[in-house]
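Before any comments, here is the structure.
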Amino acid sequence: MSRRLEDVAAGDHAFEVSRVVTREDVKAYADASGDQNPLHQDDEVARASGFPGIVAHGMYTMGTLASAIVGWAGDVEALVRMKVQFRAPVFMGETIVCGGTVRSVDPEQRVATLDVWVRVERGGATEWPIRRSEAEVRLV
């Protein structure tokens with residue numbers, strides 16, 4: 001069921017969804033997208049580039065965020081636009097947390113603008129693979 005305009009207000013915490021990043025998911029993304037860069041598949045190549053192991057595709061992380069937004073919106077067609085900034089890598093076995101809050105609602109256009117992000121706890125600190133980002137969602 002699609003999210004209703006009457007149920008959304010600026011300042012609302014929209015969603016928070018977590019997911020463990022697995023090699024299988026990253027491999028499936030590589031196969032679906034055609035991005036077979038060894039940085040995303042070969043630990044030795046990733047280590048030679050200065051990472052502890054393979055790195056999830058930035059677009060995999062963004063796709064996970066888009067899925068969380070669609071889950072909140074209730075309809076894949078409700079997601080009108082996303083604008084993201086990639087700010088940190090994501091590694092295998094990490095739990096990413098996708099979240100969003102409602103920044104504004106335009107009742108005339110029936111669109112909510114969300115501030116959205118992806119965070120991960122790493123070494124006792126919060127990293128932000130996606131931050132200072134937004135999505136527009138059409139409401140019914």
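What follows is calculated from the coordinates using simple rules that are stated; it is not laboratory data. None of these values were measured; they are calculated from a predicted model. Here the Cβ positions follow ideal geometry from the backbone for every residue, glycine too, while neighbour counts run over all protein chains shown.
With all distinct Cα pairs included, what does the Kirkwood hydrodynamic radius of the chain come out to in Å, to one decimal, could you say? It is 15.8 Å. At R0 = 30 Å, how high is the FRET efficiency between residue 140 and residue 87 if r is their beta carbon distance? Nearest 0.05 is fine. Given R0 = 30 Å and the Cβ-Cβ separation, E is 0.35. Between the Cα long axis of helix 23-33 and the first principal axis of the chain there is an angle of about 70°, rounded to the nearest 10. The trypsin sites (Lys or Arg not before Pro) of segment 1-80 meeting both criteria, a DSSP state outside H, G, I, E and B (loop) and at most 11 other C-beta atoms within 10 angstrom of the site's C-beta, are 4. For the chain, the longest principal axis of the alpha carbon atoms and the long axis of helix 58-73 meet at an angle near 30°. Divided by 2.2 N^0.38 Å, where N counts the residues, the Cα radius of gyration of segment 4-65 comes to 1.55. Here the gap between residue 27 and residue 67, fully extended at 0.36 nm per residue and compared with their Cα-Cα distance, gives a gain of 12.6 nm.
Which residue fluctuates the most in the chain, going by a Gaussian network model with Cα springs under 10 Å, if the choices are 67, 104, 33? Of 67, 104, 33, the Gaussian network model singles out 33 as fluctuating most.
When only the Cβ of Lys, Arg, Asp and Glu is charged (+1, +1, -1, -1), the dipole of segment 5-138 relative to its Cα centre reaches about 380 debye. Counting only DSSP H runs of at least 4 residues, each contributing -39500 (n - 2.57), and dividing by the residue count of the chain, the helix-based mean residue ellipticity at 222 nm comes to -7000 deg cm²/dmol.
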